[in-house]
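Visitor: The structure follows.
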Amino acid sequence: MSTPKPVLQVEDEEHDVIFMQLAFEQAAVSHPLAVVSDGQEAIAYLQGEGKFSNRQAYPLPALVLLDLKLPRVPGLEVLQWIRAQPALGSVPVLIISSSDQDADVEAAYRLGADAYIVKPAAPAELLRIVRRIKKYWLEMAGPPPGCADWLSITVPRRAGAGVT
């Protein structure tokens, strides 16, 4: 049996990476967590360039967990780049950000984010989120429309907010 594709976490805050790693372990997520710490590194990973050129060692991810506030290339620019790549069209991108600003939420959805999740303050809440990510994005092809269990952890697209 082959190793499951990794989940790519794009996160510059070390403590957020540690909490995510612990939540993945506690939720028994079989997909390895690959971590890059800035937007430029995320693009290099997804392009398979530089130190990420070995696709055996750095396969395309099953899912991207993308922070917005990143060094070098901001998360929204990374999201826009991902959605412009035909080879990455089927890779779900979930925004996990400390921002709940209407402009950030709407921009993320407008650029093609599959979901927007506000980083929780408590590790127990992160575990709840990771369990749902595992269920709906790693074991299924996304949550069913209107799934209350999934919608309970996401920020919905806000009608009229940030729309141009």
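Visitor: Would you mention how many residues in the range 18-41 are within 12 Å of VAL7 (Cα to Cα) and either aliphatic (A, V, I, L, M) or more than 16 Å from the chain's Cα centre (by Cα) (or both)? Break it down stepwise before answering.
Guide: First, pick out the residues of the range 18-41 that are within 12 Å of VAL7 (Cα to Cα): 20-21, 24, 29-36.
After this cut, where a residue has to be either aliphatic (A, V, I, L, M) or more than 16 Å from the chain's Cα centre (by Cα) (or both) as well, the list is 20, 29-30, 33-36.
Selection size over the range 18-41: 7.
Visitor: Next question, about the same structure. Quick check on my filter: what residues within the range 127-157 are at pLDDT below 95 and surrounded by 18 or more Cβ atoms within 10 Å (Cβ to Cβ)?
Guide: Residues satisfying the conditions are PRO143, TRP150, ILE153, THR154, VAL155.
Visitor: Could you list, in sequence order, the residues of the range 50-60 that are touching a helix residue (DSSP H, G or I) at 6+ places or on another chain (Cβ under 8 Å) and at negative phi?
Guide: LYS51, PHE52, TYR58, LEU60
Visitor: Sort out which residues of the range 6-65 are over 20 Å from LEU138 (Cβ atoms) and β-branched (Val, Ile, Thr), and write them in order of number.
Guide: ILE18, ILE43
Visitor: Mind checking which helices (runs of 4 or more DSSP H) fall wholly inside the range 1-97 and carry at least 1 residues that are touching a Pro at 6+ places or on another chain (Cβ under 9 Å) and touching a residue at least 60 places away in the same chain (Cβ under 8 Å)?
Guide: Of the helices (runs of 4 or more DSSP H) lying wholly inside the range 1-97, those with at least 1 residues that are touching a Pro at 6+ places or on another chain (Cβ under 9 Å) and touching a residue at least 60 places away in the same chain (Cβ under 8 Å) span 14-26.
Visitor: Also: State whether the residues of the range 90-110 include one that is charged (D, E, K, R), within 20 Å of GLU13 (Cα to Cα) and either modelled with pLDDT of 95 or more or surrounded by 15 or more Cβ atoms within 10 Å (Cβ to Cβ) (or both).
Guide: So far as the range 90-110 goes, yes, one or more of its residues are charged (D, E, K, R), within 20 Å of GLU13 (Cα to Cα) and either modelled with pLDDT of 95 or more or surrounded by 15 or more Cβ atoms within 10 Å (Cβ to Cβ) (or both).
Visitor: For the range 105-116, check the following and say yes or no: at least one residue is part of a strand (DSSP E or B) and closer than 20 Å to MET20 by Cα.
Guide: yes
The values are calculated or read from the model by the stated rules, or taken from the named source; none is laboratory data. Not measured: the values here are computed from a predicted model. A quick note on method: Cβ atoms are made from the backbone with ideal geometry, for glycine too, and the neighbour counts reach across all protein chains shown.
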